[in-house]
1. For the range B:364-402, give me each residue that is open to solvent by 60 Å² or more (accessible area, probe 1.4 Å) and either under 28 Å from B:Leu451 (Cβ atoms) or not in a helix (DSSP H, G or I) (or both).
2. So, in the range A:92-139, of the ones that are free of Cβ contacts under 8 Å to residues at least 40 places away in the same chain and assigned to a helix (DSSP H, G or I), which residue ends up surrounded by the fewest Cβ atoms within 10 Å (Cβ to Cβ)?
3. Name, by its number, the condition in (1) in contact with a Leu (Cβ under 9 Å, 6 or more places away or on another chain); (2) crowded, with 22+ Cβ neighbours inside 10 Å that does not hold for A:Thr268.
4. Taking the range B:407-435 as the search range and keeping residues that are assigned to a helix (DSSP H, G or I) and either within 14 Å of another protein chain (Cβ to nearest Cβ) or crowded, with 18+ Cβ neighbours inside 10 Å (or both), which one is farthest from the chain's Cα centre (by Cα)?
5. Given the criterion hydrophobic (A, V, I, L, M, F, W, C), buried (at least 20 other Cβ atoms within 10 Å of the Cβ) and either in a helix (DSSP H, G or I) or touching a strand residue (DSSP E or B) at 6+ places or on another chain (Cβ under 9 Å) (or both), identify the matching residue among B:Val545, B:Val488.
6. Could you please let me know if B:Ala452 is of a type in the set (A, V, I, L, M), open to solvent by less than 10 Å² (accessible area, probe 1.4 Å) and either within 12 Å of chain A (Cβ to nearest Cβ) or more than 26 Å from A:Glu241 (Cα to Cα) (or both)?
7. Among all residue pairs at least 6 apart or on different chains, which show Cβ distances below 9 Å where the first residue, located in the range B:346-367, is away from every other protein chain (no Cβ under 11 Å) and the second is open to solvent by less than 10 Å² (accessible area, probe 1.4 Å) and of a type in the set (Asp, Glu)?
8. Given the condition under 27 Å from the mean Cα position of the chain (by Cα), surrounded by 18 or more Cβ atoms within 10 Å (Cβ to Cβ), aliphatic (A, V, I, L, M) and part of a loop (DSSP other than H, G, I, E, B), answer yes or no: does some residue in the range B:341-349 qualify?
Amino acid sequence: MKVWQAKEQKSKVAIVGGTRTPFAKAGTDLKKTSAVHLGVTVAREVLAQAEIGDDSVDEVVFGNAGTPANAANIARVIALRAGLSQATPAYTVHRNCASAMEAVAQGCLKIGAGLGDTMLVGGTESMSNMPLLFGEELTELFATLNFAKSPTKKLQKISGFRPQWLKPIVAIMEGLTDPISGLNMGQTGELLARDFQISRETQDKFALRSHQRAVAAQKEGRFKDEIFPVVTEPDFAKAVEQDVGPRDGQSLEALAKLNPFFDKRNGTITPGNACPITDGAVALLMMSEAKAKSEGREILGTISAYVFTGCDPSRMGMGPIYSTSEVLKATGLALKDFDLVELNEAFSAQVIANQMAFASKKYCMEKLGWDKEIGELKDELLNVNGGAVALGHPVGATGGRLVLTCLLEMKRRNLRRGLATLCIGGGQGAAFVLERAE
Amino acid sequence: MLELNKETIRQEVNSFRAQIKPETLASSEKSITLSRQGKMGVITLDEQNSKANKLSTSNMLRLLDLFMEVEEDTSLGSLVIISKKPSIFIAGADISEIEFLGSQGGDKAGEALMKLQAVFTYLENLPIPSLAAIHGACLGGGMELSLACDYRMATDAPETRIGLPEVMLGVIPGWGGTQRMPRLIGLEKSLDLILSGRHITGPSALKMGLVDRVVPKELLEQKAFEFGQELAAKRTKRIREAGKLGLVEKIPGGKYIVFDIARKKLLEKSKGNYPAPLKALEVIKKTYGGSLESGLRTEAEAFSELVGSPESKNLIGIFYLNESVKKDRGTDAEVAVKPVKHAAVLGAGVMGGGIAQLFAAKGVHVRMKDIQWPAIAKGLNTAYGLFKSRVKKRKMKQFELENAMALIGGTTSYSGFGQADIVVEAVVEDLEIKKKVFAELDKVTSPNAVLATNTSSLSVTHIAEKVKDKSRVVGMHFFNPVDKMPLVEVIRGKETSDQAIATVFQFAKSLGKTPVVVKDAPGFVVNRILGPYLNEAAFLLLDGVEVEEMDGLMEKFGMPMGPCALLDEVGLDVAQKVAKILYGAFGERMKPANFLDTIIDKDRLGKKTKKGIYLYEGKEKSVNSAILEGIERKKRSADLTDEVVVKRMTYLMVNEAASILSEDLVRRVSDIDLAMIFGTGFAPFRGGLLRYADSVGIAKIVSDLEIFNHNYGMRFQPCDHLRRLAVKDQGFYSA
């Protein structure tokens, strides 16, 4: 797939507003709050902040990976509940960890092509509410019961029931396993730790830094413009105002105590140096630059290029370098041209592996067709307010957070160019180039 | 009872015909028409120049003519009765005729009624089967007409409402409702409907056996005509089965238990103030199981006893007051009113949360701002609780709750306020804070937005001080609990524009509330009148009247609760605050009794702290005897009779209302009655405070006030307006 570039478009695509919910580790503060409610909360607020009319949004696109059974096209439910008119079309996109990124990409495509000038995009995920599924036998039993005509027939069928059929299939575990490689996401991370010889200690240090940066950002109020509180379902009795994940006082000692989760004997990846499964949502308001300017809106940034690429599913964590490599080639930019980078922290090992690969002449030549290494991805520019290891990774929403976090930090520091990139379960990568006018 | 001899009926009824204007009769001929579709006759109801079909005498005569025509036409095998109106089958009898009957006196009314009863009996006895095809309101006489049909088919649309609401107008069903309904659906269910006057939907009516089939409204005509053709082919009347008996009724002697329970419940609820339901019960008890003929006669006699009674007149008066609000726009000025689609509420307390819930329930988008998120969560939780209780009562589905809750967006900034058509401020009752908040609103809202305050005691004019365009500032005073209390006082500040008044007035109506426009003066109408009332309750406690005695007397008078219970409900601290404001504004006559100041304590503030003049435990309440212990009370003197107790409280209200009128704060006398009925539940059967005063006689009230003035203090001094009325021997309404 070719790299999408703003200069080839009719119109530049701007982001003029955005907010996210606090991210909460699954099973904690947002455990009873639905993905719909999370999405509505941010969508409604972004529209309110922008004072956009009910019928002024051309289309709504939301990313979501674990489709709730009662909201199959969740984007449409969010659009209407957030107060947009019934005439507003909406669709849901699914690209695993990059679902919200895909929503942003849809905005670029459609606004860039002049199909619309205002789009509400985002992503939402309630990993707390992933269902347990019935096994094949039990599903079959229910189906035949429906067709059994007489009570005797029904009884006959029921008598065939075996208690072990009650063992549920955990949808979230299925979802986090790649059927092509047969590996779950953590196992693909372990492969990278081995490939790049990344020690447990190095990973834990990285994780610690993620927490320290996130806590510092919290304390200094740097998330204030980014986070919009959620009042929780079912009874709207409690407001969650901050990310739940970042731990003040996280230590290497505490991290060292945790056992490897995915490879109990030889592994290095623990719940402490991997991102937790998480609930959260993000919404962004996209506009053609021309319209945003004519309405006198503040432009947080424009998207100048993006690409999605494929890679080895069993090493899906290398997605960022594959996609970034393509973007650099197409735009002629170098890694040093970026003032800030958000690279999603699926696993500490996986981020470190990418950093090492960017700096490796061998990797860049063999895998990516460069004649030298791409360059150094500097620690001090990378995930400066912490990343998913501390904040969490609500699969369908994360891509939107990377864009939002990056843009708001660029504004704070008055920077020109940022990169938002992430790895995608199943072996893909996404890279977005964000620009900010002086 | 008339014999159903065609000639007799024709003669009897022709005696009516002579009294009706020819053009009215001609209009009925156009409104009610008979057509034929093969063997099926169809009577179509489409009242000329009106949105509603009503059963005036003229229309009843027209129906009789058509029933006779149907009977004579032997080619017809069935009759279908259907309405052309979009949301009304038959709204009921013509209320102005009920009033007229009342003015005619009992005997004449009974006689007239019995003749008209014959029209439905004629329908019932037609040789061919009949079907009522019901969509929209099917109330009172409309219900009675459909009960006389062999079959009833109704739509499942929400606008289909079926019932016998006569008791709400102080009368009973008079065209066979007390007879045919119990025969059709048994005692328990019909008593429930007739004694309460409530109406039900098509599906509930199907469950009760009141209708035979429910269809979607789009298919009503098609399905009714298909069924009508089927009936025409068979041409057989329906054999009426005995009504389905309720559980208790099935026990031998069970029906007496049913009557007994119903009577006890009625007496408890009405304190004996509402004769109509009791009368309906008596009629049904007397006639249930007897012949239709004598039953109808008993019904007509009972009706004639009630029609024209003061209770009925007052209830009909309130019905008309309500109708007049529907037509009112809050101002005589011609101004364009923009419907409210987006609103904002400032403050997420009990009132703010309640107001946001009300808006969301009516599909209005609401931004709800408070300073801290936990406060916003509390407001949302208030709204959620109100919706959830509707879900539990099956008046709302869970998904509807989720849709409604999504309409309320919390915020600690003013985000979204720029889109609001109206902002309602419900922050603490502190003038400086309110002024500051309005100065902020002035900046963040669109210049066209109406800025309303929900203040209960502060001056709207003062609150508006820092707003550039003061004409858009207005009061919108809701009462607690917002979802239940129907009144909204719309306060006109010194510079409030007609447009702002009309917008709030219309918006309040669209929320299902009853608005009353009041000029900006301390306490507006309701609190100003309740102030002296509640204050007097405190004086009476000090004069030795017991809490329960006093509350019992006022309940008997017709108030929904006594003054002590009301103080607890309002909150002792709130009452104290309002009392001080009123004292500050009106001086000596509103000087608070030395009571609230003594008993108030931070965990003794009334119902909200479970401790006030009463103690609250679950749904039970008992007098909090501790509260009176430290207080010096007189022994109740012999001349402080129950009657005097009631007069001291009610006459003070009348006196204050007279002051309000003389200060020209409301647009018309009836506004005070509207406000008191819908804001305090003031005895509806008395027609409101001023109707009540008129019925007592102003001169009598003034003379009693003079005595009280002498005996109990100068707060009873009758105001000039009241004295003037007394001198001229006028009433409030006849002045």
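The values are calculated or read from the model by the stated rules, or taken from the named source; none is laboratory data. Keep in mind that what you see is a predicted model, and the values were worked out from it rather than measured. Please note: Cβ atoms are built from the backbone with ideal geometry, for glycine as well, and neighbour counts cover all protein chains shown. Side chains included, ligands, DNA and RNA excluded: accessible areas come from the protein's heavy atoms. Shrake-Rupley method; radii C 1.70, N 1.55, O 1.52, S 1.80 Å.
1. B:Ile371, B:Gln372, B:Pro374, B:Lys378, B:Lys393, B:Arg394, B:Lys395, B:Lys397
2. A:Glu136
3. (1)
4. Among those that are assigned to a helix (DSSP H, G or I) and either within 14 Å of another protein chain (Cβ to nearest Cβ) or crowded, with 18+ Cβ neighbours inside 10 Å (or both), it is B:Gly418.
5. After ruling out the rest, the residue left standing is B:Val488.
6. Judged against the criteria, B:Ala452 is a match.
7. Taking only residues 6 or more apart or on different chains, the pairs are B:Leu346/B:Glu425; B:Gly347/B:Glu425; B:Gly352/B:Glu425.
8. No, the conditions are met nowhere in the range B:341-349.
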